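Written below as C-alpha cells is the structure these notes are about.
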Amino acid sequence: QVKIIKHCRDLGVGPGGFYQPGYREGAKLSLRMMCLGKNWDPDSGSYGDIRRFDAAQPPKIPEELTKYVKDAIAASHEFLKQRGKGATNPDAELPVMSPDICIVNFYTTSGKLGFHQDNNEQRSSLARGLPVVSFSLGDTAEFLYGDVRDDDKASKIKLESGDVLIFGGQSRHIFHGVSSIAPKSAPLWVTDKANLRPGRLNLTFRQYNYKGSVNVTPAPFDTCVCDNNTAPLQHLRPGMVLLKKFLKANDQGRNAINIPTLMEICVHLMVLNLISLKYSRSSWKMPLKPPMNSWSKEGVLPMLW
Ligand SMILES: O=C(O)CCC(=O)C(=O)O
Ligand SMILES: [Fe+2]
C-alpha cells in the first residue's frame, strides 16, 4: 500500500497529475482525479489521449501496479475455483484483463461519488465483461452497488485500506457509487509511513479494448451467498469478488518495526561520540539546520490533495 501511495504521489504532482474535474456548466466533482493510460472526461463521458482541462497527456500505468492487478485477478480465480469445487471456469465468470487505463480518485473526508455505471470503455471490452479492478487505500468508504439506478435499493459494503474489489462478467454494468468516507478510519501506519493526508485514495483499473471473441457463457453461481462480512474473500454476486486487505501493508510486513542491527547501533554510537567531541568545547558553533524545503514533493502534496 505504501508503494502504491508513493506511485500516486509522484505521478500526481507531475504533468497530467491530480486536478478537480468538473462539468461544462461549472459543477465540480467532490474528489480529485488523475487518469493513467487514457484520460477519462466526466463531462463528455468519454476517453481521450489528452485532457481538455490543461491539454496534458496522461502518464503511463507503472508496471508494478499492473502486476498487482494481475495478482488480484489470479487470487479471485483461485477463490472462485475453490468455491466451485473445480466445477466452474473462473475465467467465464470473471475474464482476465490487462489494464491500460487507471482512474485514480482522491476523496477528502467530505468526498463522494454519485451512483453511476462504468460504461465508457469500448463495446468489445464491455461485452466481454472485462472487469474493473478497484484498490482502496486510506480512509474507509461506504460503497453502494445495485442493478438499478436507485441508491435506496443498493447494497452497501465498506471498502477499507488494502481491499480490492473486482466487478466484471455479469456485474460489469452494476450501478455503483461512494456515499461517504469515514473520517480517521485509515490505519495509522498509512497516514504516518506513507504520509497520506486524511481521506481515501482509490484506483480503478480497466482495459479499454478487447480483441478476442466476445462470447461469454453466463456464469454459474451457487445461491449460497454465505460469506460473512469479515471473510477475507467474499463472493458478492456473479462476477463480483471482494478481496479483503489483499494489498499488503508494506514490504516489511504489517506493523513492521525496523530493529537496528548491532553494527548499526555501533556506527550510530561512534558518530554521536564524534559529534559530541567536536562540539563539546564550542557548543555555540553548532551549525544551523538547513531550511526545510517546504516545496518538496513529500511536503507539498498533502496540501494539494
Ligand atoms: O472510489 C470508488 O470506490 C469507486 C470509483 C469509481 O466508481 C470510478 O472511478 O468509476
Ligand atoms: Fe465507477
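At-a-glance table
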item: Electrostatic dipole magnitude of region 5-82 [Cβ: Lys, Arg +1; Asp, Glu -1; Cα centre; debye, to 20]; result: 80 debye
item: Over 21 Å between alpha carbons, listed pairs LYS153/LYS244; LYS158/LYS245; LYS3/LYS112; result: LYS153/LYS244; LYS3/LYS112
item: Bins of 5 Å from zero: percent of alpha-carbon pairs in region 155-218; result: 3, 11, 20, 21, 14, 11, 10, 5, 5, 1
item: Whole-angstrom Cα spans of region 53-146 along principal axes, big to small; result: 49, 29, 27
item: Rounded to whole Å, sorted largest first: equivalent-ellipsoid semi-axes of region 2-243, Cα gyration tensor; result: 27, 21, 18
item: Projected label distance in nm at SER213 and LYS248, using a 7 Å step from Cα toward the beta-carbon; result: 4.0 nm
item: Net charge dipole size for region 79-123 [Lys, Arg +1 and Asp, Glu -1 on Cβ; Debye, nearest 20]; result: 260 debye
item: Mean Cβ count within 10 Å, highest first, over the residues of peptides 37-43, 142-148; result: 37-43, 142-148
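Bear in mind these aren't lab numbers, they're just calculated from the coordinates by the rules spelled out. Model, not experiment: these values are computed from the prediction. Quick reminder, even Gly has a Cβ in these numbers, built from the backbone with ideal geometry, and neighbours come from all protein chains shown.
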